[in-house]
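Below is one structure, written out as structure tokens; comments come after it.
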Amino acid sequence: MRRIRPVIGLLLASLALAACTGGTGATTSPSSAAPSVAPSTAASVAPSAAPSASPDACTKANLKLTAAGKLTIGTDNPAYPPYYDIPAAATKPWELGDPTDGKGFESAFAYALADKLGFAKTDVTWIVVPFDNSYAPGTKKFDLDINQVSYTAARATAVDMSDGYYTLNQSIVALKTNPLAKVTSIAGMKGFKFGAQIGTTSLDTINNAIGPTAPAKVYTTNDEAIAGLKGKGIDGLVVDLPTAFYVTAAQVSNSVIVGQFPPPTGATAEHFSVVLAKGSSLTSCVNAAIAAMKSDGTLDAITKEWLSDKASAPVLQP
């Protein structure tokens with residue numbers, strides 16, 4: 001989630017590029033600099049089952065699209081930094097960030113992906129798709145949805161999910177005055193109250209990694225979850241690490257990243273996937289385009305520009 005250049009600068013100045021994946025396999029102690037954002041070339045958790053696409057099948061003229069000649073991309077609204085940039089003036093219907101300007105990690109990624117598929121920027125159409133609607137079963141109004149949707153096997157039963165384009169950790173944000181801010185172990189967090197947006201892997205992290213004695217507070221949107229933290233309705237907000245950096249830098253004053261979660265033993269990294277309709281003929285083409293972006297350095301360059309970290313976030317101990 002992001003603010004105009006001054007806030008982007010603050011965010012990027014507060015991030016530190018290291019090895020992050022949907023959970024970083026870091027071994028650093030809580031007092032040491034911890035890895036956060038992973039290179040975009042990290043391996044996907046679950047490669048797509050779609051067969052390899054032939055070059056002819058992936059030419060623009062042969063793609064089966066929601067609107068002829070246009071690539072329709074969905075994302076949630078508000079569109080948060082650092083994934084989408086905040087313009088000087090709002091662009092309807094978008095609140096906060098503007099997906100259409102090519103700035104911010106996911107906007108830049110989306111246009112680079114579109115380019116690999118043969119679409120000019122003017123051929124890309126953005127629509128509002130609530131987060132949990134993106135991977136719900138049923139007909140889709142989009143060709144692709146790009147909205148920090150982490151791959152899970154359950155989601156992949158209802159929609160196609162591409163190979164990963166970004167790997168990340170979950171993390172906890174607390175007010176500096178809350179006793180939770182001084183806790184360094186996951187075991188020491190069970191007596192605190194946590195909250196997260198509905199349908200997210202952040203909520204799964206509360207229930208499965210922390211297992212607090214109090215039920216997790218579930219919010220419809222991330223804005224509501226942030227308000228819950230500000231209003232002290234929860235002790236800790238669980239979000240992905242890039243979001244945590246933005247929350248502490250620009251959204252919640254006197255807040256701190258308590259720490260980031262290591263991956264469960266033997267687990268592979270959590271990663272963001274592009275969402276497509278189940279059985280979409282575009283899936284293999286999207287995977288080929290992502291592979292090309294990794295191979296030619298495009299994805300790494302976008303990741304470094306918008307998600308480079310320059311500060312530590314301690315890795316929580318068991």
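The values are calculated or read from the model by the stated rules, or taken from the named source; none is laboratory data. The structure displayed is predicted, hence computed values, not measured ones. Cβ: placed from backbone, ideal geometry, glycine included. Neighbour counts: every protein chain shown.
Details
- Qualifying positions in the range 136-163 - in contact (Cβ under 8 Å) with a residue 40 or more places away in the chain, more than 22 Å from TRP126 (Cβ to Cβ) and among the small types (Gly, Ala, Ser): ALA153, ALA156, ALA158
Here's the yes/no breakdown for (1) at pLDDT 95 or above; (2) within 16 Å of the chain's Cα centre (by Cα); (3) aliphatic (A, V, I, L, M); (4) outside any strand (DSSP E or B):
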position: THR268; (1), (2), (3), (4): no, no, no, yes
position: SER280; (1), (2), (3), (4): yes, no, no, yes
position: ASN287; (1), (2), (3), (4): yes, no, no, yes
position: MET293; (1), (2), (3), (4): yes, no, yes, yes
position: LEU299; (1), (2), (3), (4): yes, yes, yes, yes
position: ALA313; (1), (2), (3), (4): no, no, yes, yes
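- Within the range 221-234, residues that are modelled with pLDDT of 95 or more have Cβ atoms under 7 Å from residues that are part of a helix (DSSP H, G or I) and of a type in the set (Asp, Glu) in no pair, counting only partners at least 6 apart in sequence or on another chain.
- Selection status of THR122, among the polar types (S, T, N, Q), under 21 Å from THR298 (Cβ atoms) and either out of contact with any helix residue (DSSP H, G or I) (no Cβ under 8 Å at 6 or more places or on another chain) or outside any helix (DSSP H, G or I) (or both): yes
- Identity of the residue in the range 125-155, in a helix (DSSP H, G or I) and among the polar types (S, T, N, Q), that ends up nearest to VAL286 (Cα to Cα): SER134
- Any hit, the range 297-307, residues being in contact with a Cys (Cβ under 8 Å, 6 or more places away or on another chain) and surrounded by 21 or more Cβ atoms within 10 Å (Cβ to Cβ): no
- Matching residues in the range 174-183 - criterion: being within 11 Å of VAL258 (Cβ to Cβ) and surrounded by fewer than 16 Cβ atoms within 10 Å (Cβ to Cβ): LYS176, PRO179, LYS182
- Restricting the range 244-266 to residues that are in a strand (DSSP E or B) and among the small types (Gly, Ala, Ser), the residue that is farthest from GLY138 (Cα to Cα) is SER255.
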